[in-house]
Amino acid sequence: MFNDRARIRAEAGRGGDGGLSFRREKYVPKGGPDGGDGGRGGDVVVVADPDLRDLSSLRGKTRFAAKRGGNGRGTRKHGADAEDVVLTVPVGTVVADAEDGSTIADMRTPGARVVVARGGGGGRGNASFATPTRQTPRFAETGLPGEAFELELHLKLMADAALAGLPNAGKSSLLRRLSNAKPKVADYPFTTLAPTLGTVDGPDGRQLTVADVPGLIEGASEGVGLGHEFLAHLERARLLLHVVDASDGDADDRFAVIDRELAAYGAGLDERPQLVVLNKADLHPEPAPFSVQDARILEVHRVSCATGEGIDELVASLFRHCPPVEPEPEIAPGLPEFLDYRPAPRTRRRYRVLRTGSGFRVVGTPPDGAELEDALRAAGVKKGAEVEIGDEVLVWE
Ligand SMILES: Nc1nc2c(ncn2[C@@H]2O[C@H](COP(=O)(O)OP(=O)(O)OP(=O)(O)O)[C@@H](O)[C@H]2O)c(=O)[nH]1
Ligand SMILES: [Mg+2]
């Protein structure tokens, strides 16, 4: 099964707590503070892997959780940073926030790497708080919680051109003629159930990729048939190869049916330049005329996938209308090697939760009720623990 959508939960790890410890040495009755810092919680990272074809490797797995950082300990030992959890997706995957639908990253480049949930920072150990006037700090910071998000992953294939047309028009036959791909061809509608990419070799040694998708029918945009949900794979194509079975009925009408579905889908598909391919020329010495006049139609080709007639001219035209793309601008060294990375805003906390010998202390501007309770619970507060907030000392119920 081809999987082009997935919904997952990414949970980064919590930071480790800072150590609360004092040096114990022979003949040193009152040793100084020596609690080390907590380690960072693990991030959840998404990486674009050029070897993956779809999202099926994620099937059945919906939660990706990184571990928490190690706690700081005595003798200034720092807790270990937790490892990142990496999930690999095919190139072309769009990562969106499931709650508001906003795009977090568009994984267009092989190897692109995006942190989708950041691990929490480790808390500082009490050794970090020693000052000349406070030589025995009896508290340490707790680690910060990691980010957690519900994410929607949606693969939109990276193709230079895409085939569009009614079922049985000969789209898969055309991809077999044009490229190295061998999609299934049969004399019934909806033979193609999942998109296929083919690589076309050009006259000048260049290569282009062409996507074959399931056929569209009237009403596809309302959910009839199965073509509509695959239209996302046309979105990135620079050019559409609109295949019409010219041996069967009125070619103008058949063109219009598909065109309406493209317009209903939106995303600019109804403005995309097209090469109209009137297929099955072998069946009719004089195929039905095609008279649609439209600025988007760059050329009309009469071909036969059965005999190969017209195919070379079509390939030449495909390459003419998909000129080489400008190479991506050089990225300055030191920057991540992808351009579509939008880091999640890092929320700055206006308070910290410190762990003391007998409980917890909240410093800074404490938040209101529920958020404070969550923060304390996340810091590991237990029944009976003392919580100092400002001048007040509360006992956790
Ligand atoms: N005579 C003739 N038959 C063709 C030609 N091109 C395709 N066919 C036949 O038309 C039928 C449909 O071809 P496909 O390539 O499977 O059509 P499709 O558009 O991919 O169909 P779906 O995947 O169902 O949308 C098959 O029986 C092909 O052999 C052609 O140029 N001439
Ligand atoms: Mg097909």
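Please treat every number below as a calculation from the coordinates, not as lab data. As the structure is a computational prediction, the values presented were derived from the model and not from experiment. Neighbour counts run over all protein chains shown; Cβ positions are idealised from the backbone, glycine included.
Counting other C-beta atoms within 10 Å, which of 158, 107, 1 has the fewest, and how do the rest follow? Working shown, then result.
Values: 158 20, 107 28, 1 7.
Starting with the residue having the fewest Cβ neighbours, the order is 1, 158, 107.
What do you get for GluC sites (Glu not before Pro) in region 1-99 restricted to DSSP loop and a cutoff of at most 12 other Cβ within 10 Å of the site's Cβ? Could the numbers behind the result be given before it?
Working: sites: 11, 25, 83, 99; in loops: 83, 99.
Here the sparse-neighbourhood loop sites are 83, 99.
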If amide H atoms are modeled at 1.01 Å from N in the peptide plane, then the residues at a separation of 5 or more from residue 117, or on another chain, having amide H under 5 Å from its own are 44
In order over region 108-124: 3J(HN,Hα) from phi, Karplus 6.51/-1.76/1.60, θ = phi - 60°, whole Hz, x for each Gly or Pro, gives 8, 9, x, x, 4, 9, 9, 7, 9, 9, 8, x, x, x, x, x, 7
Between residue 69 and residues 5 or more places away or on another chain, the pairs with built amide H atoms under 5 Å apart involve 14, 15, 16, 41, 42, 82
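By the gyration tensor of its Cα atoms, with a ≥ b ≥ c the square roots of the eigenvalues, what is the shape of region 161-321: rounded for a/c under 1.5, prolate for a/b over b/c, or oblate?
Values: a/c = 1.26, a/b = 1.12, b/c = 1.12.
Rounded is the answer for region 161-321, as its axis ratio a/c remains below 1.5.
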Counting only residues 5 or more apart in sequence or on a different chain, those whose built amide H sits under 5 Å from that of residue 104 are 95, 96, 97
The chain, Gaussian network, Cα under 10 Å: of 256, 295, 220, the residue fluctuating most is 295
Hydrophobic long helices for the chain, i.e. whole DSSP H runs reaching 18 angstrom or more by Cα along the axis with Kyte-Doolittle mean at least -1.0, come out as 251-265
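Relative to 2.2 N^0.38 Å, what does the C-alpha radius of gyration of the chain come to as a ratio? Two decimals please.
Details: Rg = 30.2 Å, N = 397, 2.2 N^0.38 = 21.4 Å.
For the chain, the normalised Cα radius of gyration is 1.41.
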With Cα springs under 10 Å, the Gaussian network model of the chain assigns the largest mean-square fluctuation among 216, 155, 376 to 376
Most packed first (mean Cβ within 10 Å per residue), the peptides 144-151, 130-137, 236-243, 34-41 order as 34-41, 236-243, 144-151, 130-137
Of the listed pairs 30/382; 182/280; 61/156; 156/182, those with alpha carbons more than 23 Å apart are 30/382
Along region 382-394, Karplus-curve 3J(HN,Hα) (6.51, -1.76, 1.60; θ = phi - 60°) to the nearest Hz, with x for Gly and Pro, reads 10, 3, x, 6, 8, 10, 9, 10, x, 8, 8, 10, 9
Ordered by fewest other Cβ atoms within 10 Å, a rough proxy for footprinting exposure, 188, 265, 27 read 27, 188, 265
Along principal axes, largest first, the alpha-carbon spread of region 1-140 in whole Å comes out as 70, 28, 25
Check: C-alpha center region 43-65 vs C-alpha center region 194-210, spacing in Å is 26
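Can you sort 217, 258 by how many other beta carbons sit within 10 Å, fewest first?
Going from least to most buried by this count: 217, 258.
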Subtracting the Cα-Cα distance of residue 63 and residue 135 from 0.36 nm times their residue separation yields 21.5 nm
Cross-link reach from residue 26 to lysines, straight Cα distance under 22 Å and at least 8 residues apart if same chain, gives 77
Cross-link reach from residue 184 to aspartates and glutamates, straight Cα distance under 18 Å and at least 8 residues apart if same chain, gives 212, 245
Once phi for every residue in region 61-76 is put through the Karplus expression 6.51 cos²θ - 1.76 cosθ + 1.60 (θ = phi - 60°), the whole-Hz ³J(HN,Hα) values, with Gly and Pro written as x, are 9, 10, 10, 10, 10, 8, 7, 7, x, x, 7, x, 10, x, 6, 6
